[in-house]
Amino acid sequence: MRFALIKGQSQYGSLRLHIDQLAQALTAIGHEARIVDMAADDRQDQLNVVTFDPPDCFFTFSGGGHDLKIMDQSAYDFLGVAFASIYVDHPIHHYERLKTPIRKNIALFLDRSHLQFVRASPCAGNFSQLGFLPPGANELPEPPDLSDEAFAKRDIPLMFTGTYRGAPQAPWRQWPDSPARRIGESIVERMVADARLPVLEALRQALTQQGVALTPKIFDDAAPLAAGAQLFAEAYHRDAVLTALGAAGLPLHIWGNGWEPLAERYPSFVYGGVGSFAETLHTLRRARVVLNINNGFVAGGHERVFTAMCAGAAVFSDANRYYEEVFKDGREIVTFGWPKLASAPDQLAALVADTGRAGRIARAGAKRAQAEHRWTDRASGLVNAVRQAM
């Protein structure tokens, strides 16, 4: 099968690296993968080449390029090809893109609750194939040294990469009292109380409380409100974990945007700057334990987990249904539950302090991730999804 992979801009360059490694994985399993770099000066020339010699499928992340047109028609429909995309965060943040009708439209999601959200939405009919496909691990060419000696020499005890958004924002709290304000507050209350509650279920419960059914029109009307609630919950849970770890004095080395205020507040935090995803692949080889905070993932996976494991680091994460399914807790990953957040700093501190235990978990996690969670595994899933839609 022939693929054209559309490579756009992304924060920290993560999606650009995903494209590069997915292209290598597709090639490795016998398919053709051509990259079109939309950040390049000759991007129009690259687009013209694939337009005049179209592939079987155009692929992007998060629906980028969904609106490309030829002769006032969807470019993909005009060329008679498939359009496939993996949505790397909650689809509520891409709701308008999901409304675009494309004849051979394949949408894949990192979390089963994200897939359920789209299936329940008025947009579901716009797709010929919907599926669940977590990301693969991004890796350096040479395998990591997983020996006890090498692990003990790693000089970063605890690492986290990502963006710190600060305290969560709730703009609806400035509105006059109304059903919309009450529904928004109810969604947030439910998601804050239960970190594993998907926004779709929280929306349904909030509407039921107001005596309202989730019709297609209500779904459309409530989508912006649900998107705000989802952002609130994501920021709330990240802030809650980091505040607890900072107050406990955990030696957290952090990279990403927005960290200066938190690094100033907690002396045990070491801020390494914004960094890039490509640089992170090298830094992970120095980390003993990597922290993951599920950012809207309640039944799916984030590349941070698989990438850290393949780099030979032990992963500490809040629990979700997918990690419970694919990893052995306490042996390949260490998780905590939100009802026990207060005990998480002590649990994490004990893991960081026990280099032997962390090393054993890192090796087991690496073995599992290298066997089942690389981009080669995901490339096969993408090919199967496209074939089913053709």
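The values are calculated or read from the model by the stated rules, or taken from the named source; none is laboratory data. Small disclaimer: the values here were computed from a predicted structure and weren't measured. Here the Cβ is made from the backbone with ideal geometry for all residues, glycine too, and neighbour counts use every protein chain on show.
The residues of the stretch 136-165 that are within 19 Å of the chain's Cα centre (by Cα) and either in a loop (DSSP other than H, G, I, E, B) or among the hydrophobic types (A, V, I, L, M, F, W, C) (or both), listed by number, are Gly136, Ala137, Asn138, Glu139, Met159, Phe160, Gly162, Thr163, Tyr164, Arg165. For Val383, are the conditions met, namely being outside the structural domain of Trp255 (by TED's automatic domain parsing) and within 30 Å of Asn105 (Cβ to Cβ)? So Val383 passes the test. Scanning the stretch 277-297 for residues that are surrounded by fewer than 17 Cβ atoms within 10 Å (Cβ to Cβ) and not charged (D, E, K, R) yields Ala278, His282. Among the residues making up the stretch 154-201, those that are of a type in the set (D, E, K, R) and either in contact with a helix residue (DSSP H, G or I) (Cβ under 9 Å, 6 or more places away or on another chain) or closer than 17 Å to Ile293 by Cβ (or both) are Arg154, Asp155, Arg165, Arg173, Arg181, Arg182, Glu185, Glu189, Arg190, Asp194, Arg196, Glu201. Here is the figure for the stretch 12-50: residues that are at pLDDT below 95, of a type in the set (S, T, N, Q) and closer than 25 Å to Ser380 by Cα total 1.
Okay, residues lined up against (1) assigned by TED's automatic domain parsing to the domain that holds Gly296; (2) in contact with a Ser or Thr (Cβ under 6 Å, 6 or more places away or on another chain); (3) without any contact (Cβ under 8 Å) to a residue 12 or more places away in the chain; (4) closer than 22 Å to Ala299 by Cα:
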| site | (1), (2), (3), (4) |
| --- | --- |
| Met191 | no, no, no, yes |
| Leu207 | no, no, no, no |
| Gln210 | no, no, no, no |
| Ile218 | no, no, yes, no |
| Gly249 | yes, yes, no, no |
| His253 | yes, no, no, no |
| Pro261 | yes, no, no, no |
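Tell me, please, whether a residue that is more than 16 Å from the chain's Cα centre (by Cα), surrounded by fewer than 17 Cβ atoms within 10 Å (Cβ to Cβ), within 30 Å of Leu203 (Cβ to Cβ) and of a type in the set (A, V, I, L, M) can be found in the stretch 112-122. Yes, because at least one residue in the stretch 112-122 is more than 16 Å from the chain's Cα centre (by Cα), surrounded by fewer than 17 Cβ atoms within 10 Å (Cβ to Cβ), within 30 Å of Leu203 (Cβ to Cβ) and of a type in the set (A, V, I, L, M). Could you please let me know if Arg43 is surrounded by fewer than 18 Cβ atoms within 10 Å (Cβ to Cβ), at negative phi and outside the structural domain of Leu281 (by TED's automatic domain parsing)? Judged against the criteria, Arg43 is a match.
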